[in-house]
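Colleague: One structure, as structure tokens, below. Some questions next.
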Amino acid sequence: MGTYSDFRIGNFHLESSGNFTTTRHHSIYLPSDSVFVERDFDLKRVEVFQATLRSILPRLELLGSTLPAIERRFNNPYVTYDEPHDVPFKEALELVRNVDLASLKEGTRDNHGGLLPAEYQKRLEEPLTDHYGRAPGWDLSTLLDRLMPYDILRMLAERPANLDLIVQWDFMDVVESGYFEREDFSVGVDDEGFLLVTEGTSDTKVIQHAFAILRPEIADFFRFIDMEDNYPFGGHGQLMNFMRGLRSIGKADGVLAIFDNDTVGVASLAQLEELSGINAIKLPDLEEFRSFPTIGPNGEHLADINGKAAAIECYLKLPQRCRIRWSNYEKRAGAYQGSIDQTSGEKSAQQDEFLRTTRVDDYPFEKMWKVLDVIVEDSAP
């Protein structure tokens with residue numbers, strides 16, 4: 001009969017796989033999610049990985065289980081010998097929002113009948129009725145049978161009460177039976193992550209540190225260029241050429257270029273957006289940048305620096321009496337380029353202060369949160 005690993009949320013069974021074909025669910029968990037539990041069916045104490053649906057939700061989305069992507073897969077399922085049911089995605093999503101998973105009792109395994117309204121039972125059973133006229137009793141599983149487990153979890157997350165349910169991966173049977181070593185079930189991201197490339201070392205160090213302290217639950221999804229030696233990109237032009245080069249050799253997938261929110265960054269991004277197969281963004285526009293102290297040929301005045309002068313330093317704690325100095329005129333963009341009016345020493349001190357922070361420090365992290373939000377949003381399909 002073999003041995004199996006079990007993947008479930010609460011008492012709702014998602015997947016079983018066994019022996020040498022055991023499915024690994026390493027990418028949705030962190031090492032800290034390892035716990036020892038006593039199983040109900042054999043009273044054996046085993047190691048499992050488990051976490052709340054709430055905590056793994058950002059990881060599910062970075063792995064591709066966003067609602068738009070799920071809708072595409074739901075509407076275009078893999079070819080099977082069974083006739084699919086006729087419930088459209090929006091209707092299925094609304095049904096899932098109203099399902100109380102907590103009502104499932106222990107030991108129900110695959111028998112999930114009674115979770116959906118009775119009028120749906122016949123619609124779900126008809127395509128799956130065997131030649132004896134028997135139909136399965138797992139109505140919610142039938143509704144979602146065209147989706148993979150991570151897509152199902154993402155849909156279940158639409159019901160707020162489900163977010164605190166435990167998503168558990170019990171894999172120790174296949175280890176104890178000799179099919180795998182315990183070391184084969186290390187967790188974290190393998191090849192599913194993203195390489196982030198910026199205009200320079202300062203941007204990279206700041207964003208890397210921000211992920212480490214503000215979004216540690218997904219920080220392992222994001223890799224950066226090794227900066228021990230000379231950083232290969234010294235500005236927008238070199239970064240733009242790098243992305244073009246990756247595209248030319250078909251290696252741009254999984255790479256995200258991040259430009260400053262300034263005149264040359266916006267112009268570079270516009271050029272790359274004309275090419276298919278390149279993923280690039282700029283630092284986000286912020287409301288507080290719409291009326292910012294500046295100085296230039298026309299003297300001192302308040303101006304909107306979004307898209308003109310907002311480099312990474314603007315998203316950190318700003319020095320007192322901070323202002324933008326307008327400098328070069330960019331013909332391509334028809335606008336001046338600006339930057340914070342500070343010495344290189346003051347700039348280094350500003351960045352060093354941020355790089356020493358922890359999440360609990362009294363530091364204005366709000367702008368960096370928004371930087372991470374646009375990176376994560378653009379990375380999820």
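The values are calculated or read from the model by the stated rules, or taken from the named source; none is laboratory data. All values reported here derive from a predicted model rather than from experimental measurement. Virtual Cβ from ideal backbone geometry, glycine too; neighbours counted across all protein chains shown. Remember, those area values only see protein heavy atoms, side chains included, never the ligands or the DNA or RNA. Shrake-Rupley method; radii C 1.70, N 1.55, O 1.52, S 1.80 Å.
Colleague: Under 5 Å between amide hydrogens, which residues at least 5 positions from PHE194 or on another chain qualify, with H placed 1.01 Å from N in the peptide plane?
Modeller: PHE222, ARG223
Colleague: Once a ≥ b ≥ c are taken as the square roots of the eigenvalues of the Cα gyration tensor of the stretch 216-363, is the result rounded (a/c under 1.5), prolate (a/b larger than b/c) or oblate (a/b not larger than b/c)?
Modeller: oblate
Colleague: What does DSSP give for the chain in terms of the percent of beta bridges that are antiparallel, rounded to the nearest 5?
Modeller: Numbers: 31 of 45 bridges.
Of the beta bridges lying entirely in the chain, close to 70 percent run antiparallel.
Colleague: Less than 12 Å from a label point 7 Å out along the Cα-to-Cβ axis of PHE224: which backbone N atoms in the stretch 313-352 qualify, by residue?
Modeller: 352
Colleague: Taking the Cα centre of the chain as the origin and placing charges on Cβ (Lys, Arg +1; Asp, Glu -1), which of GLN168, GLN238, HIS25 is farthest toward the positive end of the dipole?
Modeller: Farthest towards the positive pole: GLN238.
Colleague: Take peptides 147-154, 243-250 and line them up by average Cβ neighbours within 10 Å, highest first, as a rough protection proxy. All intermediate terms of the calculation are to be shown ahead of the outcome.
Modeller: Numbers: 147-154: 21.0, 243-250: 14.0.
Sorting 147-154, 243-250 by mean packing, highest first, produces 147-154, 243-250.
Colleague: Would you work out if the chain is rounded, prolate or oblate? Take a ≥ b ≥ c from the square roots of the eigenvalues of the alpha-carbon gyration tensor; rounded if a/c is under 1.5, else prolate when a/b is larger than b/c, oblate otherwise.
Modeller: prolate
Colleague: Compute the long axis of helix 201-214 from its Cα atoms, compare it with the longest principal axis of the Cα atoms of the chain, and write down the angle in degrees, 0 to 90, nearest 10.
Modeller: For helix 201-214, the angle is close to 40 degrees.
Colleague: Mind checking which of LEU256, GLN351, GLY296 is farthest towards the positive end of the stretch 228-381's charge dipole, using Cβ charges of +1 (Lys, Arg) and -1 (Asp, Glu) about the Cα centre?
Modeller: My answer, from the dipole projection, is GLY296.
Colleague: Report the residue, chosen from ASN241, ASN306, ASN162, that carries the largest GNM mean-square fluctuation when the chain is represented by alpha-carbon nodes joined by springs under 10 Å.
Modeller: Top of the fluctuation ranking is ASN241.
Colleague: What is the distance in Å between the Cα centres of the stretch 329-349 and the stretch 178-224?
Modeller: 31 Å
Colleague: On to the next question. In terms of the Cα gyration tensor, with a ≥ b ≥ c the square roots of its eigenvalues, is the stretch 164-295 rounded because a/c is under 1.5, prolate because a/b exceeds b/c, or oblate? Intermediate results must be reported in sequence, preceding the final value.
Modeller: Details: a/c = 2.58, a/b = 1.86, b/c = 1.39.
Here the stretch 164-295 falls in the prolate category.
Colleague: Given a cut-off of under 8 Å on Cα pairs at least six residues apart, what relative contact order in percent is computed for the stretch 185-325?
Modeller: Result for the stretch 185-325 is 22 percent.
Colleague: Between LYS282 and residues 5 or more places away or on another chain, which pairs have amide H atoms under 5 Å apart, with H built 1.01 Å from N, and which residues are they?
Modeller: Under 5 Å from the amide H of LYS282: PHE259.
Colleague: Separate question: Remind me, relative contact order of the stretch 238-297 in percent, using alpha carbon pairs under 8 angstrom and six or more residues apart? Don't skip to the answer; put the middle values down first.
Modeller: Working: 52 pairs, mean separation 20.2, N = 60.
Computed value for the stretch 238-297: 34 percent relative contact order.
Colleague: Express the carbon and sulfur contribution to the solvent-accessible surface of the chain as a percent, rounded to the nearest whole number, probe 1.4 angstrom.
Modeller: Answer for the chain: carbon and sulfur cover 49 percent of the accessible area.
Colleague: Now for a separate question. Report the number of Lys pairs in the chain whose alpha-carbons are under 23 Å apart, with separation of 8 or more residues or on distinct chains.
Modeller: 25
Colleague: Defining a contact as two alpha carbons under 8 Å apart and six or more residues distant in sequence, what relative contact order in percent does the stretch 297-381 show?
Modeller: Rounded, it is 29 percent for the stretch 297-381.
Colleague: Moving on to the next point. Taking the dipole about the Cα centre of the chain, with the C-beta of Lys and Arg at +1 and of Asp and Glu at -1, give me whichever of HIS13, VAL35, ASN75 is farthest to the positive side.
Modeller: Result: ASN75.
Colleague: Using θ = phi - 60° and the Karplus curve 6.51 cos²θ - 1.76 cosθ + 1.60, what whole-Hz ³J(HN,Hα) does each residue of the stretch 188-196 get, with Gly and Pro shown as x?
Modeller: x, 7, 9, 9, 8, x, 10, 9, 9
Colleague: Further question: When the dipole is taken about the Cα centre of the chain, and only Lys, Arg (+1) and Asp, Glu (-1) are charged at their Cβ, what size is it in debye, to the nearest 20?
Modeller: For the chain, the charge dipole is close to 980 debye.
Colleague: Compare the peptides 316-325, 204-213 by average per-residue count of other Cβ atoms within 10 angstrom and give them in order, highest first.
Modeller: Per-residue Cβ counts within 10 Å, averaged per peptide and sorted highest first, yield 204-213, 316-325.
Colleague: Report, by chain and number, residues whose modeled amide H sits under 5 Å from the one on TYR336, excluding near sequence neighbours (fewer than 5 apart, same chain).
Modeller: Answer set, sorted by chain and number: GLU330.
Colleague: Where does each of 164-177, 10-23 land if you order them by average Cβ count within 10 Å, highest first?
Modeller: In decreasing order of mean packing, 164-177, 10-23 become 164-177, 10-23.
Colleague: From the backbone phi of the stretch 340-353, what are the Karplus-calculated ³J(HN,Hα) couplings (6.51 cos²θ - 1.76 cosθ + 1.60, θ = phi - 60°) in whole Hz, Gly and Pro given as x?
Modeller: 4, 7, 8, 6, 5, x, 5, 5, 5, 5, 4, 6, 4, 4
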